[in-house]
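The values are calculated or read from the model by the stated rules, or taken from the named source; none is laboratory data. Worth saying up front: this structure is predicted, and the values here are computed from it rather than measured. So basically every Cβ, Gly included, is an ideal-geometry build from the backbone, and we count neighbours across all protein chains shown. Note: accessible area is taken over every heavy atom of the protein model, side chains too, but ligands, DNA and RNA are not part of it. Shrake-Rupley method; radii C 1.70, N 1.55, O 1.52, S 1.80 Å.
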Amino acid sequence: MRKTILALASIAISTLSYGQCEDVFISEYTEGGGNNKAVEIYNPTANPIDLSNYTLKRYSNGSTTNPDILQLSGTINPYDV
């Protein structure tokens, strides 16, 4: 009985600590030679997301001002990159 309660409590705690992401996020960053860099954006939702509502801001060499701003375009399908 004690093991069953412990197992159920363990499952409940792990379920409560699981966070749901409701927006796109950068799932991978790749850096090659020179200016060869890329990001992968993931859609964790059940709906397609229009990327025209999003921008990426790049700050060079630790700067906190004047970022390069890239306006995104296209659509990411549900659970896709």
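Give region 56-74 a look and list any residue that's of a type in the set (D, E, K, R) and within 19 Å of Glu28 (Cα to Cα), or say none.
Lys57, Arg58
Within region 17-32, track down each residue that is more than 19 Å from Ile76 (Cα to Cα) and either in a loop (DSSP other than H, G, I, E, B) or modelled with pLDDT under 50 (or both).
Ser17, Tyr18, Gly19, Gly32
Pairs please, first residue from region 58-81 and more than 13 Å from Pro48 (Cβ to Cβ), second anywhere and open to solvent by 90 Å² or more (accessible area, probe 1.4 Å), Cβ atoms under 6 Å, 6+ apart in sequence or on different chains.
Listed pairs, sorted by first residue: Pro67/Lys57; Pro67/Arg58; Pro67/Tyr59; Asp68/Arg58; Ile69/Lys57.
Out of the residues in region 21-58 that are of a type in the set (Asp, Glu) and over 9 Å from the mean Cα position of the chain (by Cα), which is least open to solvent (accessible area, probe 1.4 Å)?
By that ranking, first place goes to Asp50.
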